[in-house]
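J.: Would you mind keeping the following structure in view while I ask a few things?
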Amino acid sequence: MPNGDEIRIQVESGGEVSALLLRPAKAQVLLILAHGAGAGLHHPFMQKLAGELARVNIATLRFQFPYMEQKRRVPDAPAVLVATVLAATRAASEAAPGLLLLAGGKSMGGRMASQAAAQQLLAGVEGWCFSASRFILPTSQARSARITCRRFPCRCCSCKEPGIRFADLKLLRPVCAKLGKRALLHVVESADHSFHVLKRSGTNDDAVLRELAQKVASWAESL
């Protein structure tokens, strides 16, 4: 599977960042895919997920946040991260006009997409995909996330992690239930934060990513 076409994105107060557009010939949907805090767009997880999504005819635009582009370890301020999601959304609209737009990402990237949505910044985005994103947040961020869920269709891919509650299912399941058909919660019981599974789980990492991509594709058809 090709890695994608390289493009450059100008971010307000953040400089220029790189991005990769992977667009299958039969794609009708494009997912703006933000990376997590510790790994950029070239991380194997991001590459493999984009590849699996391409196999089910979903295009992706994955991009760097400025701190990752500049090889800094500490993430940018939230305002800059949100501005980067906004810039990537605009770039996606220009690069692939006519495709239905989804936004989201892994962990921190998904959380920044939800904050951009809560601020009503992402005009034209029709749905949200969150993979291993943290839903237990400080009060102000939690309120933003709840506003996002009320106003937009959303889809969450969550996983349980030993000792780390990135997605408290006791809190998350009732929220998704209230959203009804607008939300799809898919839990990979045996996966860690990187969707890695042990051999004794009866599956493997590649199968898990393939499963996530298929869930995104079947949900996107409902939009």
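J.: Grab the beta carbon distance between Arg90 and Asn57, set R0 = 35 Å, and tell me the FRET efficiency rounded to 0.05.
T.: Once rounded, the FRET efficiency stands at 0.90.
J.: Straight distance only, please: which lysines reach the Cα of Lys215 with their own Cα at less than 29 Å, same-chain residues fewer than 8 apart left out?
T.: Lys26, Lys48, Lys106, Lys160, Lys170, Lys178, Lys181, Lys199
J.: Could you give the spread of the C-alpha atoms of segment 93-135 along their three principal axes, from largest to smallest, in whole angstroms?
T.: Reported extents, whole Å, longest axis first: 31, 19, 14.
J.: Under a 1.4 angstrom probe, counting protein chains only, how are Ser131, Ser194, Ser13 ranked by accessible area, largest first?
T.: So, going from the largest accessible area down, we get Ser13, Ser194, Ser131.
J.: What value does segment 1-83 have for Rg/Rh, both radii from Cα atoms and Rh as Kirkwood defines it?
T.: 0.98
J.: Sequence-distant or interchain residues sharing an amide H contact under 5 Å with Ala37, placed H: which?
T.: Met108, Gly109
J.: To continue, here is another question. Just order 180-187, 86-93, 197-204 by mean Cβ neighbour count inside 10 Å, highest at the front, would you?
T.: 86-93, 180-187, 197-204
The values are calculated or read from the model by the stated rules, or taken from the named source; none is laboratory data. Fair warning: this is a prediction, and the values are worked out from it, not measured in the lab. Glycine also receives a Cβ, built like all others from the backbone with ideal geometry; neighbour counts cover every protein chain displayed. Heads up: the accessible areas ignore ligands, DNA and RNA and are worked out on the full protein's heavy atoms, side chains in. Shrake-Rupley method; radii C 1.70, N 1.55, O 1.52, S 1.80 Å.
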